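The values are calculated or read from the model by the stated rules, or taken from the named source; none is laboratory data. Here the structure is a predicted model, which means the values were calculated and not measured. Neighbour counts are summed over all protein chains in view; Cβ atoms, including those assigned to glycine, are modelled from backbone coordinates with ideal geometry. For the accessible areas, the whole protein counts, side chains as well, though only heavy atoms, and no ligand, DNA or RNA atoms are used. Shrake-Rupley method; radii C 1.70, N 1.55, O 1.52, S 1.80 Å.
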Amino acid sequence: MELTLKSIKMNREQKNKIINFLNDQIAQSEFRARAYVFDDLNKKRPARNIFVKLNRYLSDFMSGNSSARWITLTGLRGSGKTTLLSQLYWNARNSDFNVLYLSLDYIVQILGLNLNDVLAVYEEILGSFFEKSDKPVILFLDEVQYDEKWGITLKSIYDRSRKVFIFATGSAALTMNINPDVARRTIYEKLYPLSFTEFLKIKNEKFEEKGLAADMRNAIFNSKNADDCFNSIKELEPRINNYFLGLDRMDIEKYIKYGSLPFMVTLKNEALVYDQINKTLDRIVNSDVLRTGRFNNEIISKIPAILYAVADMDQINYSKIADSFEISRPKVMEIFDVLEKTETLIKIYPYGSHISQSRKPIKYLFASPAFRSMYYNMIGNIVSADNSRGKLLEDTVGMYLKRFLGGKINTSLTYDSAEGGADFIVGYANKKIIIEVGAGSKDYRQLLNTAAKVTADYGFAVCNDDLESPETGNVLKIPLKYFLLI
């Protein structure tokens, strides 16, 4: 076949390296994927809930019934993207297609190659350009953010051939400064940390009550008022109780402490769990944040300590952090902006403030409570045990709310910054719902304090109390274990 311009520029040694690498990948991909698809007893691992949607993209392409040809899965490090990619590859591996699985971190960091050159040589191995190939091509590309030109390379392939299906994964920082031409072509899907029911499915193969999560979401977020919400949940209690039948009472605690990150679920040693979480945060800072090019090495070295400081803070004072770490206030704000975009932190604005000009304190939660739990258990904290658990629960509820609101239009997630105010105010579907989170038993004072200032449809406390609704106040209590089912 005619050589591409890129392959002409390659020297023979580089081309041979790529050929050897691709031959190894094609020969070993099934063996490597098996570790993600099957457990130690050779039993297929349960898939994440999003797998059904992602696999539909793939199966529709393979059956010729879809125009979607480029899917990009992003999400927090450790959320399970590689496992999902391996499970999808497993379904396509024996089809009548040319199927290739590549990990870009290995290509770039170990081999010193780039995606464009590797795919050019792959075309030569196939004996034709992708657009002229007799068989369609399916590309599974993991950790594409390691190649700075991944977007342009894949855009070129997408534009010149309708015979190629691309499935790419990358860290949450992947979409930062992305080319608009790329954004218009790929379909972005986001992978969030594990829900509690996914945690139990992976850990114990305990599958969800069919339709219960959707019914719970409808009851909690689409009711007319607190009484309607209470009655709707009350009707679901037999199904809720059936789901929790035989549940180890410690599973909720394990989930809150570290179970929202799927790679932690099967680990037995808690010290090892927190060590792995610490390494995940280290990769976020020293890979994802560093690769943005916005901070020098001195500032990068201070970010882990800043994150530890955040773990003990209720609200963020940029000036105080700037003074403590000897970094300018604008640069501190930039650090938090990048940590939010890497999905390490979730930013919660104060209610009623103009987002771009807020003078009230901003609150940051961890995108997974496992991060804060790691700081508390490996390094220690200065807050009380009750406050520690309260902060972990607030992270958990914030993580759930972020997932629920993600992708929906005309939504907002704020908090009441006044003393004694509620933890969250959710704007959704022309509704306002006030939410307070408590580690133990909870009264209604903070909900009512915020309700006096905010015209809300209703409010509820997520706590350890039973489901209840007082006669007055348009508020209710929802047990934590109920809320975790949404």
Please count how many residues of the range 36-65 are part of a loop (DSSP other than H, G, I, E, B) and over 20 Å from the mean Cα position of the chain (by Cα).
8
Criterion first (in contact (Cβ under 8 Å) with a residue 40 or more places away in the chain, under 25 Å from Ser260 (Cβ atoms), hydrophobic (A, V, I, L, M, F, W, C) and part of a helix (DSSP H, G or I)) does Ala33 satisfy it?
yes
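Check the range 312-319 and report whether any residue there is closer than 14 Å to Phe366 by Cβ and open to solvent by 70 Å² or more (accessible area, probe 1.4 Å).
Yes.
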Which residues, taken from the range 1-41, are among the β-branched types (Val, Ile, Thr) and either open to solvent by less than 60 Å² (accessible area, probe 1.4 Å) or modelled with pLDDT of 95 or more (or both)?
Thr4, Ile18, Ile19, Val37
Conditions first: (1) part of a helix (DSSP H, G or I); (2) open to solvent by less than 70 Å² (accessible area, probe 1.4 Å); (3) of a type outside the set (Val, Ile, Thr). Ala68 passes all but one, so which condition is the exception?
(1)
Counting only residues that are open to solvent by 50 Å² or more (accessible area, probe 1.4 Å) and out of contact with any Ser or Thr (no Cβ under 7 Å at 6 or more places or on another chain), which one in the range 254-266 is nearest to Val462 (Cα to Cα)?
Lys254
If you go through the range 229-252, how many residues are assigned to a helix (DSSP H, G or I), open to solvent by less than 50 Å² (accessible area, probe 1.4 Å) and either within 17 Å of Phe199 (Cβ to Cβ) or acidic (Asp, Glu) (or both)?
6
Can you name every residue in the range 202-239 that is within 23 Å of the chain's Cα centre (by Cα) and aliphatic (A, V, I, L, M)?
Ile202, Leu212, Ala213, Ala214, Met216, Ile220
Could you please let me know if Arg294 is among the charged types (D, E, K, R) and part of a loop (DSSP other than H, G, I, E, B)?
yes
Just wondering, is there one or more residues in the range 301-309 that are polar (S, T, N, Q), farther than 24 Å from Met176 by Cα, assigned to a helix (DSSP H, G or I) and open to solvent by 30 Å² or more (accessible area, probe 1.4 Å)?
no
Over the range 384-416, the set of residues at pLDDT 95 or above and part of a loop (DSSP other than H, G, I, E, B) is Thr411, Asp416
Pull up the range 427-463, narrow it to residues that are open to solvent by less than 40 Å² (accessible area, probe 1.4 Å) and assigned to a helix (DSSP H, G or I), then point me to the one that is nearest to Phe196 (Cα to Cα).
Leu447
Quick check: is even one residue across the range 329-339 open to solvent by 50 Å² or more (accessible area, probe 1.4 Å) and within 21 Å of the chain's Cα centre (by Cα)?
no
Mind checking which residues of the range 464-486 are farther than 12 Å from Asp227 by Cα, open to solvent by 20 Å² or more (accessible area, probe 1.4 Å) and not in a helix (DSSP H, G or I)?
Asn464, Asp465, Asp466
